[in-house]
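Enquirer: Attaching a single structure in structure tokens format; questions to follow.
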Amino acid sequence: MLVRFAYSYPDSLTSTTPDENHDAPLEQAIKHIQQLAPLLQDHIGVISAMYAGFIGAWGEWYYTQNYGNEDDLTSEDWDKRLSLVEVLLDALPYPRQIMIRYPHGKQRLLNREDPLQDNEAHDDSAAARLGHHNDCFLAKENDQGTYTDKPKEYPYLQQETRVLIQGGETCQYNPPRTSCPTALKEMCELHYTFLNHEFHERVISGWEEQKCIEEIRWSLGYRLVGIRAVTPETATIGDQLCLSITLKNIGWAAPINPRTLQIILRHTNSGEEITLPADPQVDPRKWLPGEHNFQTSNLVTADAPEGQYQVVLCLGDPAPDLAGLPEYNIVMENLEDTEYPEKRLNLLGNLQILLN
């Protein structure tokens, strides 16, 4: 679920009248966010990310009564926007991200022009929790004001979105920019995780006519396939079970939220499953498009009776209210455990456990 709060949602796409651009003063908005905080915390498991929202029409940070309009922002306006973001970051539990509408907006808020590097990602700093959304993707060369200096801001986004969420929607039919070649190129380069499939209708229908809509649907976010899994033929109780797994992400983006990686041993006769401790060294949020290899090692304990086992990989959600729910597991499309499809697990191979 992607959550956005806005005080104003005009029917007209071009409306700039004060009544339709109404939003709350900072003090009132902060009170509302603080009231929402317990709900966000209680339901964080099903929230993928949250728009900064609150400011201006559609919560899009442009036409606004109380925070300065985009073409004439004062230092006081920026201070108010930063205060709102800080309260949002406090209200939305780490590690969920807040999405900012304009790349230069994040740069100005944090007083930092260089993009977040891979080795800075996934901590609780503001830089590592402020992602991006573009609500006029492909509209014009500057995407209707999304970019103030595209030659600088586009490469900035290319790097940032390696480790931060990027999504949005189209807002205007504008061929050839809205046509398939440019759409596919930019969604790939900017690591798009999501896109509104209902708007803009003519842009979406154009992709259907040009026959790239299925590629877009399949490529948004991550799409994992197994390349190889190296498992030993036998393991002895008391020894380490070492596995090597190679996978490929053929989507446009890495997973944006944490995943728990666990190996499960399933006895082929009894069906009993033994879940080995999670490996904290493997972070699926680092699985950018391309091939990845990781090794994992666990002690084979005495609670694993000797016999033949299936070796199964679980990529579950670590959120307390979702852990153990198969609906939230990641399944590699060519490794699905078809014997137990309802469990949404990845079948890696077979193993015989021997007594010492």
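The values are calculated or read from the model by the stated rules, or taken from the named source; none is laboratory data. No experiment lies behind these values; they were computed from the predicted model shown. Positions of Cβ are generated from backbone atoms using ideal geometry, with glycine treated the same way; all protein chains shown enter the neighbour counts.
Enquirer: State all residues of the range 207-229 that are without any contact (Cβ under 8 Å) to a residue 60 or more places away in the chain and of a type in the set (A, V, I, L, M, F, W, C); if no residue qualifies, say none. Break it down into steps so the answer makes sense when it comes.
Expert: Within the range 207-229, the subset without any contact (Cβ under 8 Å) to a residue 60 or more places away in the chain is 207-221, 228.
207, 212, 213, 216, 218, 220, listed by residue number.
Enquirer: For the range 295-305, check the following and say yes or no: at least one residue is buried (at least 16 other Cβ atoms within 10 Å of the Cβ) and either closer than 28 Å to residue 251 by Cβ or at pLDDT 95 or above (or both). Full working, then the answer.
Expert: Here is the first cut: in the range 295-305, the ones buried (at least 16 other Cβ atoms within 10 Å of the Cβ) are 296, 298, 300, 304.
Right, trim to either closer than 28 Å to residue 251 by Cβ or at pLDDT 95 or above (or both) and you get 296.
Within the range 295-305, one or more residues are buried (at least 16 other Cβ atoms within 10 Å of the Cβ) and either closer than 28 Å to residue 251 by Cβ or at pLDDT 95 or above (or both).
Enquirer: Hey, another quick one. Sort out which residues of the range 307-351 are among the charged types (D, E, K, R) and over 16 Å from residue 278 (Cα atoms), and write them in order of number. Before you say what the answer is, go through the steps one by one.
Expert: First, pick out the residues of the range 307-351 that are among the charged types (D, E, K, R): 317, 321, 327, 333, 336-337, 339, 342-344.
The answer is 321, 327, 333, 336, 337, 339, 342, 343, 344.
Enquirer: How many residues, within the range 158-171, are touching a His at 6+ places or on another chain (Cβ under 6 Å) and free of Cβ contacts under 8 Å to residues at least 60 places away in the same chain?
Expert: Final tally of qualifying residues: 2.
Enquirer: Then there is this: How do the strands (runs of 3 or more DSSP E) wholly within the range 255-331 filter down when requiring 3 or more residues that are outside the structural domain of residue 119 (by TED's automatic domain parsing) and of a type in the set (A, V, I, L, M): which remain?
Expert: Numbers: elements: 260-267, 273-275, 290-299, 307-316.
Hits in the range 255-331: 260-267, 307-316.
Enquirer: For the structure I just gave you, tell me whether residue 204 is crowded, with 22+ Cβ neighbours inside 10 Å and either without any contact (Cβ under 8 Å) to a residue 12 or more places away in the chain or not acidic (Asp, Glu) (or both). Break it down into steps so the answer makes sense when it comes.
Expert: Values: crowded, with 22+ Cβ neighbours inside 10 Å: no; either without any contact (Cβ under 8 Å) to a residue 12 or more places away in the chain or not acidic (Asp, Glu) (or both): yes.
Here the answer is no, as residue 204 does not meet what is asked.
Enquirer: Please state which one of 128, 57, 121, 49 is touching a residue at least 24 places away in the same chain (Cβ under 8 Å) and either over 23 Å from residue 288 (Cα atoms) or among the aromatic types (Phe, Trp, Tyr) (or both). Lay out the reasoning, then the answer.
Expert: Values: 128 fails: either over 23 Å from residue 288 (Cα atoms) or among the aromatic types (Phe, Trp, Tyr) (or both); 121 fails: either over 23 Å from residue 288 (Cα atoms) or among the aromatic types (Phe, Trp, Tyr) (or both); 49 fails: either over 23 Å from residue 288 (Cα atoms) or among the aromatic types (Phe, Trp, Tyr) (or both).
Of 128, 57, 121, 49, the one residue that is touching a residue at least 24 places away in the same chain (Cβ under 8 Å) and either over 23 Å from residue 288 (Cα atoms) or among the aromatic types (Phe, Trp, Tyr) (or both) is 57.
So that you can scan it fast, the table gives a plain yes or no per residue for (1) outside the structural domain of residue 146 (by TED's automatic domain parsing); (2) among the polar types (S, T, N, Q); (3) in contact with a strand residue (DSSP E or B) (Cβ under 8 Å, 6 or more places away or on another chain):
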{"residue": "34", "(1), (2), (3)": "no, yes, no"}
{"residue": "37", "(1), (2), (3)": "no, no, no"}
{"residue": "52", "(1), (2), (3)": "no, no, yes"}
{"residue": "55", "(1), (2), (3)": "no, no, no"}
{"residue": "72", "(1), (2), (3)": "no, no, no"}
{"residue": "77", "(1), (2), (3)": "no, no, no"}
{"residue": "100", "(1), (2), (3)": "no, no, yes"}
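Enquirer: Separate question: Give just the number: which of (1) touching a residue at least 60 places away in the same chain (Cβ under 8 Å); (2) under 18 Å from the mean Cα position of the chain (by Cα) does residue 138 not satisfy?
Expert: Checking residue 138 against (1) touching a residue at least 60 places away in the same chain (Cβ under 8 Å); (2) under 18 Å from the mean Cα position of the chain (by Cα), the one that fails is (2).
Enquirer: On to the next question. Can residue 63 be described as assigned to a loop (DSSP other than H, G, I, E, B), at pLDDT 95 or above and not hydrophobic (A, V, I, L, M, F, W, C)? Let's see the steps before the verdict.
Expert: Numbers: assigned to a loop (DSSP other than H, G, I, E, B): yes; at pLDDT 95 or above: no; not hydrophobic (A, V, I, L, M, F, W, C): yes.
So residue 63 does not fit the description; no.
Enquirer: Oh, and also: Is it the case, given these coordinates, that residue 182 is in contact (Cβ under 8 Å) with a residue 24 or more places away in the chain, part of a loop (DSSP other than H, G, I, E, B) and among the polar types (S, T, N, Q)? Working first, answer last.
Expert: Details: in contact (Cβ under 8 Å) with a residue 24 or more places away in the chain: yes; part of a loop (DSSP other than H, G, I, E, B): no; among the polar types (S, T, N, Q): yes.
Judged against the criteria, residue 182 is not a match.
Enquirer: Does residue 191 qualify as being surrounded by 18 or more Cβ atoms within 10 Å (Cβ to Cβ) and more than 29 Å from residue 295 (Cα to Cα)?
Expert: On the way: surrounded by 18 or more Cβ atoms within 10 Å (Cβ to Cβ): yes; more than 29 Å from residue 295 (Cα to Cα): no.
No, not satisfied.
Enquirer: Return the residues of the range 74-94 that are part of a loop (DSSP other than H, G, I, E, B) and crowded, with 17+ Cβ neighbours inside 10 Å; say none if nothing qualifies. Break it down stepwise before answering.
Expert: Residues of the range 74-94 that are part of a loop (DSSP other than H, G, I, E, B), as a first pass: 74, 92-94.
Across the range 74-94, the qualifying residue is only 92.
Let's see how each residue does on (1) in the same structural domain as residue 263 (by TED's automatic domain parsing); (2) within 24 Å of the chain's Cα centre (by Cα); (3) not in a helix (DSSP H, G or I):
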| site | (1), (2), (3) |
| --- | --- |
| 146 | no, yes, yes |
| 151 | no, no, no |
| 158 | no, yes, no |
| 164 | no, yes, yes |
| 177 | no, no, yes |
| 187 | no, yes, no |
| 199 | no, yes, yes |
| 214 | no, yes, no |
| 235 | yes, no, yes |
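Enquirer: Would it be correct to say that residue 68 is on the phi > 0 side of the Ramachandran plot and either out of contact with any strand residue (DSSP E or B) (no Cβ under 9 Å at 6 or more places or on another chain) or part of a helix (DSSP H, G or I) (or both)? Lay out the reasoning, then the answer.
Expert: On the way: on the phi > 0 side of the Ramachandran plot: yes; either out of contact with any strand residue (DSSP E or B) (no Cβ under 9 Å at 6 or more places or on another chain) or part of a helix (DSSP H, G or I) (or both): yes.
Yes; evaluated as a whole, the condition is true for this residue.
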